[in-house]
Amino acid sequence: MDFDLIVRGGTLPDGTIADIGIIGETIAAIEPELNVTAGVAIDAYGNLVSPPFVDPHFHMDATLSYGIPRINASGTLLEGISLWGELKPLLTHEAVRDRALAYCDWAVSMGLLAIRTHVDVCDDRLLAVEALLDVKKTIAPYIDLQLVAFPQDGFYRSPTARQNTIRALDMGVDVVGGIPHFERTMADGTRSVTELCEIAVRRGLMVDLHCDETDDPLSRHIEQLAYETQRLGLRGRVAGSHLTSMHSMDNYYVSKLLPLIAEAGVSAIPNPLINIMLQGRHDTFPKRRGLTRVKEMQALGIRVGWGQDCVLDPWYSLGTADMLDVAFMGLHVAQMSSPADMARCFDMVTSVNAAIMGLDHLGLAVGKRASLVILDAGSPIEALRLRAERICVVARGKVVAERTRQDTRLSIPGRPATVNRRHQAG
């Protein structure tokens, strides 16, 4: 068999060394050695070959808008929401599209080939929805983009949010979103969870709610989300994003809550960079760090993935489209320091996130889509430690990004000529 592309001698995440043969857009073979020809051959010897990075939680309509019309002075979630309200009337279709496309260029360079983005539907123009639907078509040859209809000002709290959510879904938006903790009352928040899940059932869609993104331990909408998931038969199609109130809940209540989430099959998407930046702002000391109970969830079999959330926007002044940065921060804040936990953090930004988004075509296996990343690292843990360079990115069987390995030259008598911080123990 001849291949269009072969990746030779790479180390897979499980430590296996193999050649990967690609025909068209599909992985056709993974073998210890493929003694065949190929139109393109990539030398991956000594380097990690990974599935593509996946981000299940982002806000592409706001990305790269930092400083417009002003900077978030307090650094709080609520000022960020207020600032976004000032920015929305200034948005144009072209500006949203161009910033989103620029971000997608960054994403490709970092091997980030699947993104779920929430798009605010509380602007009656639905300008951002239209712009991101255009972006989705443009980037389809190399990035899977899912859009979430997100009534950011509240499904009931904003006068036209309910009808705009329906309009956005009619336009082709993929996922039903919501923000129950931002409604006027806890009761309205609960009611919104029920109606949004019912909308998803009628349309056969997935659900991803911003849920309990607050320091208030009495914000418990995740309980209702788990209930509706069970009641409506939505298992495997629902995610609760953020879930930061859980860091403040009493342990007895959480001991009841987590089994309900596991039983319902609801996924969790904490966003460590943003959660620890925005939460606990009213605390002095001890100061809560705002991350949900990741390890406890995983111990019960709950699917947990890391999300990026924001890059250079009203809520976050940093970011580079690097999911290894996200996993690295999550590893520290969740204290996932064992080798197994660190390897799990790598899986959380690749295979676990793909599963949360329902992207069964991604992965390093015969028959899967030929999208992969070659990293300047020997293992997933080393990739996290180094936030490793992406040497080559392949999307749908085509090389879409390349970088020369960046070793540093040293001029020190008696020491090596170059250094790159990779390390083999022993």
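The values are calculated or read from the model by the stated rules, or taken from the named source; none is laboratory data. Since the structure is predicted, the reported quantities are computational estimates derived from the model, not experimental observations. FYI the Cβ positions are ideal-geometry reconstructions off the backbone, even for glycines, and counts take in every protein chain you see. For the accessible areas, the whole protein counts, side chains as well, though only heavy atoms, and no ligand, DNA or RNA atoms are used. Shrake-Rupley method; radii C 1.70, N 1.55, O 1.52, S 1.80 Å.
Some values worked out for this structure:
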read-out	value
Identity of the residue in segment 210-229, in a helix (DSSP H, G or I) and out of contact with any Gly (no Cβ under 6 Å at 6 or more places or on another chain), that ends up surrounded by the most Cβ atoms within 10 Å (Cβ to Cβ)	THR229
Residues of segment 175-209 classified as open to solvent by 40 Å² or more (accessible area, probe 1.4 Å), in contact with a helix residue (DSSP H, G or I) (Cβ under 8 Å, 6 or more places away or on another chain) and either free of Cβ contacts under 8 Å to residues at least 12 places away in the same chain or closer than 15 Å to TYR227 by Cα (or both), total	3
Tally of residues being within 16 Å of MET110 (Cα to Cα), part of a loop (DSSP other than H, G, I, E, B) and of a type outside the set (Gly, Ala, Ser) across segment 319-337	2
Tally of residues being open to solvent by 60 Å² or more (accessible area, probe 1.4 Å) and over 15 Å from VAL349 (Cβ atoms) across segment 376-390	1
Helices (runs of 4 or more DSSP H) fully within segment 60-142 counting 3 or more residues that are under 20 Å from SER317 (Cβ atoms)	77-87, 93-109
Any hit, segment 257-266, residues being surrounded by 24 or more Cβ atoms within 10 Å (Cβ to Cβ) and acidic (Asp, Glu)	no
Any hit, segment 391-414, residues being over 16 Å from GLY24 (Cβ atoms), buried (at least 17 other Cβ atoms within 10 Å of the Cβ) and of a type in the set (S, T, N, Q)	no
Criterion: of a type outside the set (Phe, Trp, Tyr), closer than 20 Å to ASN275 by Cβ and surrounded by 22 or more Cβ atoms within 10 Å (Cβ to Cβ) - qualifying residue of VAL373, VAL349	VAL349
Among (1) crowded, with 23+ Cβ neighbours inside 10 Å; (2) closer than 17 Å to ALA383 by Cβ, the one test that CYS310 misses	(2)
Residue check for ASP14: surrounded by 20 or more Cβ atoms within 10 Å (Cβ to Cβ), of a type in the set (D, E, K, R) and either farther than 24 Å from PHE346 by Cβ or out of contact with any helix residue (DSSP H, G or I) (no Cβ under 7 Å at 6 or more places or on another chain) (or both)	no
Some residue of segment 296-310 being over 30 Å from ALA262 (Cβ atoms) and in contact with a Cys (Cβ under 8 Å, 6 or more places away or on another chain)	no
Pair list, Cβ < 9 Å and 6+ apart or interchain, from segment 297-322 residues that are of a type in the set (Val, Ile, Thr) to residues that are open to solvent by less than 30 Å² (accessible area, probe 1.4 Å) and part of a strand (DSSP E or B)	ILE302/SER267; ILE302/ALA268; VAL304/SER267; VAL304/ALA268; VAL304/ILE269; VAL311/PHE58
Top-ranked residue of segment 369-426 - restricted to ones that are among the β-branched types (Val, Ile, Thr) and in a loop (DSSP other than H, G, I, E, B), ranked as modelled with the highest pLDDT	ILE412
Within segment 145-158, considering residues that are assigned to a loop (DSSP other than H, G, I, E, B) and in contact with an Asp or Glu (Cβ under 9 Å, 6 or more places away or on another chain), the one most open to solvent (accessible area, probe 1.4 Å)	ARG157
Identity of the residue in segment 95-116, free of Cβ contacts under 8 Å to residues at least 60 places away in the same chain and open to solvent by 10 Å² or more (accessible area, probe 1.4 Å), that ends up farthest from GLU130 (Cα to Cα)	ASP105
Inter-residue pairs, beta-carbon under 8 Å, first under 18 Å from GLU382 (Cα atoms) and in contact (Cβ under 8 Å) with a residue 40 or more places away in the chain and in segment 406-426, second surrounded by 10 or more Cβ atoms within 10 Å (Cβ to Cβ) and of a type in the set (Asp, Glu), 6+ apart	ASN420/ASP376; ASN420/ASP407; ARG422/ASP376; ARG422/GLU382; HIS423/GLU382
Subset of segment 66-110 [within 25 Å of GLU213 (Cβ to Cβ), hydroxyl-bearing (Ser, Thr, Tyr) and at pLDDT 95 or above]	TYR66, TYR103
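Conditions (1) at pLDDT 95 or above; (2) buried (at least 21 other Cβ atoms within 10 Å of the Cβ); (3) not aromatic (Phe, Trp, Tyr), marked per residue:
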{"site": "ARG231", "(1), (2), (3)": "yes, no, yes"}
{"site": "SER245", "(1), (2), (3)": "yes, yes, yes"}
{"site": "TYR252", "(1), (2), (3)": "yes, no, no"}
{"site": "LEU273", "(1), (2), (3)": "yes, yes, yes"}
{"site": "PHE285", "(1), (2), (3)": "no, no, no"}
{"site": "ARG289", "(1), (2), (3)": "no, no, yes"}
{"site": "ARG293", "(1), (2), (3)": "yes, yes, yes"}
